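Inspection log for the structure reproduced underneath, given as structure tokens.
Read-outs throughout are calculated quantities, based only on the coordinates presented, and are distinct from any laboratory measurement. Everything numeric here is computed off the predicted structure, so don't read it as measured data. Please note: Cβ atoms are built from the backbone with ideal geometry, for glycine as well, and neighbour counts cover all protein chains shown.
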Amino acid sequence: MMFLARMDVEFPPHLTPEQIADFQAREKEYSGSLQRSGEMAGIWRIVGEYANHSLFDVESNDELHAILSGFPMYPYLKIRITPLARHPNSIR
Ligand SMILES: O=C(O)C[C@H]1C=CC(=O)O1
């Protein structure tokens, strides 16, 4: 099952730059491991925003939820999910 995610990052003002850097480092590690395993099929920065579009290839809604809630920055992410189905005109 394919899902398109839009994630907007909203850090609260009380976090220090060091705390933010730590979240970003842990996020990069977690995201990298999901990309290597194939569950995250891609991630793109949305130009001009602290936000991304990501593509997930997972077995179920429950698996996607577990993956998303495992992101270290999850408490600071606003996530919107769009389930994707194969388009009848797709040649792949
Ligand atoms: O920098 C971001 O867009 C936030 C974050 C969410 C997943 C990820 O890999 O990075």
To the nearest 10 degrees, the tilt of helix 17-37 (Cα long axis) against the first principal axis of the alpha carbons of the chain is 20 degrees
Listed by chain and number, the residues whose amide H is under 5 Å from that of L84, excluding neighbours fewer than 5 places away on the same chain and using placed H, are M2, F3, L4
Cleavage-rule hits, chymotrypsin sites (Phe, Trp or Tyr not before Pro), segment 1-80, DSSP coil, Cβ neighbours within 10 Å at most 13:
Y50
Let me see the P(r) profile for the chain: every Cα-Cα distance counted, bins of 5 Å, each bin given as a percent of all pairs.
3, 12, 22, 26, 18, 10, 6, 2, 1, 1
Okay, helix-only estimate at 222 nm for the chain: each DSSP H run of n ≥ 4 adds -39500 (n - 2.57), divide by all residues, round to 500 deg cm²/dmol; what do you get?
-10500 deg cm²/dmol
